[in-house]
Amino acid sequence: IIHRLDKDTSGIIVLAKSDAAHMSISKQLKKREVRKVYQTFVWGQVSETKGTISAPIGRHPVKRKEMSVSVKNSREAITHFTVLERFDEFTFLEVTIETGRTHQIRVHMKFIGHPIVGDPVYSRKKAPFDISGQALHAYKLGLRHPSTNKYMEFTAPLPNDMKTIYNLLKS
């Protein structure tokens with residue numbers, strides 16, 4: 001496994017079939033050449049149509065299992081978002097991350113006041129939907145093939161629970 005998803009996040013992950021492939025893709029990740037795009041439902045209406053959150057992330061100073069935006073003992077974290085659709089109490093977003101910090105999207109969405117629906121750690125609100133885990137899906141992943149160097153993108157459709165949320169909000 002080359003990169004991981006947070007627990008209860010659905011979507012695409014990358015597995016290497018050889019050491020050479022593992023090294024190639026790991027190098028791309030380190031150089032921030034892998035494109036990672038997510039879809040998520042967040043609480044509230046995000047007012048900006050597009051935005052960038054550039055806020056360093058490190059261990060929470062008191063809750064050691066959590067991460068937080070912090071200047072002390074933290075690392076650079078950059079998250080871009082685009083509103084796909086707004087609903088009364090929720091916003092459906094596309095999120096692209098430049099860095100890959102632990103819980104990055106979840107922490108950044110909480111930081112701007114729009115925690116992810118169903119997030120048991122960073123959102124204290126009870127989701128009004130039947131959802132397994134948080135409404136966060138690794139939708140698209142783009143990278144250069146380790147052998148051919150050809151750029152490739154892979155997508156995964158929304159999982160059923162997120163499709164259900166979308167359909168409920170739409171109606």
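Just a few scattered comments:
- Of I12, I112, I78, the one that fluctuates the most in a GNM where the chain has Cα springs shorter than 10 Å: I112
- Rounded to two decimals, the Cα-based Rg/Rh of the stretch 70-171, with Kirkwood Rh, is 1.01.
- Computed with a 1.4 Å probe over protein heavy atoms only, the accessible surface of the chain comes to 57 Å² per residue.
- Low-density loop positions, trypsin sites (Lys or Arg not before Pro), the stretch 90-141 - DSSP coil, at most 15 other Cβ in 10 Å: R124, K125, K126
- Note on the chain: Kirkwood radius taken over Cα pairs, Stokes-Einstein applied at 4 °C and 1.567 mPa s, translational D equal to 77 µm² s⁻¹.
- Calculated [θ] (222 nm, deg cm²/dmol) that DSSP helices of n ≥ 4 give over the chain, each run adding -39,500 (n - 2.57): -5500 deg cm²/dmol
- Listed peptides 152-161, 85-94 by packing density, highest first (mean Cβ within 10 Å): 85-94, 152-161
- Straight-distance crosslink candidates among lysines, where the alpha carbon sits under 17 Å from K140 and sequence neighbours closer than 8 are dropped: K36, K150, K163
- Scattering profile of the stretch 1-75 at q = 0.15 Å⁻¹ [log10 I(q)/I(0), Debye over alpha-carbon scatterers]: -0.84
- Computed over Cα pairs, the Kirkwood radius of the stretch 115-171 leads via Stokes-Einstein (1.002 mPa s, 20 °C) to a diffusion coefficient of 159 µm² per second.
- Other residues within the sphere of radius under 10 Å centred on the Cβ of A77, judged by their own Cβ, net out at 0 (K and R +1, D and E -1).
- Measuring r between the beta carbons of K150 and I1 and using R0 = 25 Å, the FRET efficiency lands at 0.65.
- Each Lys or Arg adds one and each Asp or Glu takes one away; over the other residues whose Cβ falls under 12 Å from the Cβ of S10, this sums to -1.
- Based on Cα atoms of the stretch 51-127, Rg over Rh with Rh as the Kirkwood radius reads 0.97.
- Between L136 and S10, the built amide H atoms are under 5 Å apart, and every one of these is 5 or more places off in sequence or on another chain.
- Sites T82 and T164, calculated FRET efficiency, Cβ-Cβ separation with R0 30 Å, nearest 0.05: 0.85
- Crossing angle, helix 160-170 versus the chain [Cα axis fit, 0-90 degrees, rounded to tens]: 40
- Helix 19-30 axis, angle to the chain major axis (alpha carbon atoms, nearest 10°): 50
The values are calculated or read from the model by the stated rules, or taken from the named source; none is laboratory data. Only a predicted model underlies this, so the values are computations on that prediction, with no experimental measurement involved. No Cβ is skipped: glycine too gets one built from the backbone with ideal geometry, and neighbour counts run over all protein chains shown. When the accessible area is computed, the model is the full protein with side chains, heavy atoms only, and any ligands, DNA or RNA have been set aside. Shrake-Rupley method; radii C 1.70, N 1.55, O 1.52, S 1.80 Å.
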